[in-house]
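Written below as structure tokens is the structure these notes are about.
The values are calculated or read from the model by the stated rules, or taken from the named source; none is laboratory data. All figures in this text were calculated on a predicted structure; none of them were measured in a lab. Here Cβ is always computed from backbone atoms with ideal geometry, including for glycine, and neighbour counts include all displayed protein chains.
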Amino acid sequence: MIEYRCFRNGDPPRLADVWRSTDLGPCGFQPMTSAWLESSVFSKPYFDREGLIVAFDGDRTVGFAHAAFGPTADHSGIDTSIGTTMLVVVPPHDHHAAIGDGLLARCEAYLRQRGATTIMGGASQELGGFYLGLYGGSDLPGILDSSPGMKAVFQRAGYLEAARIAVMRRPLAGFRPPVGRSQLAIRRMTTVRAIDEPARRNWWEAATTTGIALRRYELRDEAEVLIASADFWDLRPQATAWGVQATGLLRVDVEGGRRRQGLASFLLAESLHDQAQEGVGLAEVHLSEVNEAAIKLFFKLGFEPTGHGTLYRKGESVSASNADNVTR
């Protein structure tokens, strides 16, 4: 008989064993350890043990699932109106499907008990805030196509597709920024600066990126006014398993009045070139597939799609505007 309970302090070694025994695809970090789970999950200030459900078959741990929330609009705290089950991890078992279904149902009950009126499936940068670098690569991509068993859990429970996320990569060996009239004009009028471990912009950013090596590139005009920025991180531990030094793009921002002037393309190219000069061999970015302008930009920079993920919603519980709030 399968039994379920919430997380206890002695569970990390059990959960690491479950993770190692489960095929999560090439973007699920292996071999998992308790230490990696501690740094990416249990040590987060918003971790709630009630939201991490563990399944047992006698003395054997046979799965776990983790439900959580994203930030408030001002990124100063947790918003419990929209919740998600980020992962449902079940190793091979005679009752694999039933275990996954039971875990997901208990995560949904936890989210509703905490006040969620919108129930999602999978994690994104703005929803969940755990497992960065352990599942998905440079960002949190919902549920990857390379995890078909996990996708099936949500589909059986009536979840619908809310967003598709493209995982795009580019080798950086020999990377050179494109040279053209517009790039030369931007170069004459601006300065690019690299800042290691920059001040985090808000509580949510501090909570989700503490413990990773963050580098921010800033583009400033002749008056030293910030006009664009791009945040990258040293993509560990996954890149260690890939056998290459890799960088992951978390966000790029251009001031509203300066958009559509080629500034993002210029800053990204300069940033990638700088990291290539330091020996970084691979860059990765995750993009919502509806963001056609961003996908076109990264294609021009030589990125190619290498995988896809899905962010799910439970039935009709989320409106289009709510879906926009939890995807990029």
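Could you say which residue among 220, 201, 259, 187 is more than 20 Å from residue 134 (Cβ to Cβ), surrounded by fewer than 17 Cβ atoms within 10 Å (Cβ to Cβ) and without any contact (Cβ under 8 Å) to a residue 24 or more places away in the chain?
On the way: 220 fails: without any contact (Cβ under 8 Å) to a residue 24 or more places away in the chain; 201 fails: without any contact (Cβ under 8 Å) to a residue 24 or more places away in the chain; 187 fails: without any contact (Cβ under 8 Å) to a residue 24 or more places away in the chain.
Only one candidate qualifies: 259.
So residue 124 passes all but one of these: (1) in contact with a Gly (Cβ under 7 Å, 6 or more places away or on another chain); (2) surrounded by fewer than 24 Cβ atoms within 10 Å (Cβ to Cβ); (3) small (Gly, Ala, Ser). Which condition number does it fail?
(2) is the only condition that residue 124 fails.
For residue 11, which of the numbered conditions (1) under 12 Å from residue 103 (Cβ atoms); (2) surrounded by 15 or more Cβ atoms within 10 Å (Cβ to Cβ); (3) among the acidic types (Asp, Glu) fails to hold?
The number of the failed condition is (1).
Where in the stretch 138-235 are the helices (runs of 4 or more DSSP H), entirely inside, with at least 3 residues that are on the phi < 0 side of the Ramachandran plot, modelled with pLDDT under 95 and over 23 Å from the mean Cα position of the chain (by Cα)?
Ranges flagged: 181-189.
Would you point out the residue of the stretch 91-133, among those that are of a type in the set (S, T, N, Q) and in a loop (DSSP other than H, G, I, E, B), that is nearest to residue 21 (Cα to Cα)?
Only one residue fits best here, namely 125.
Restricting the search to the stretch 14-41, which residues are touching a Pro at 6+ places or on another chain (Cβ under 7 Å) and buried (at least 17 other Cβ atoms within 10 Å of the Cβ)?
Answer for the stretch 14-41, where residues must be touching a Pro at 6+ places or on another chain (Cβ under 7 Å) and buried (at least 17 other Cβ atoms within 10 Å of the Cβ): 18, 22, 29, 36, 37.
Against the definition (at negative phi, within 15 Å of the chain's Cα centre (by Cα) and buried (at least 19 other Cβ atoms within 10 Å of the Cβ)), how does residue 111 come out, yes or no?
Here the answer is no, as residue 111 does not meet what is asked.
Can you tell me which of 293, 283, 239, 269 is at pLDDT 95 or above, within 25 Å of residue 127 (Cα to Cα) and outside the structural domain of residue 80 (by TED's automatic domain parsing)?
Of the residues listed, the single one that is at pLDDT 95 or above, within 25 Å of residue 127 (Cα to Cα) and outside the structural domain of residue 80 (by TED's automatic domain parsing) is 283.
Exactly one condition in (1) out of contact with any Leu (no Cβ under 8 Å at 6 or more places or on another chain); (2) part of a loop (DSSP other than H, G, I, E, B); (3) farther than 29 Å from residue 71 by Cα is false for residue 244; which is it?
Failing condition for residue 244: (1).
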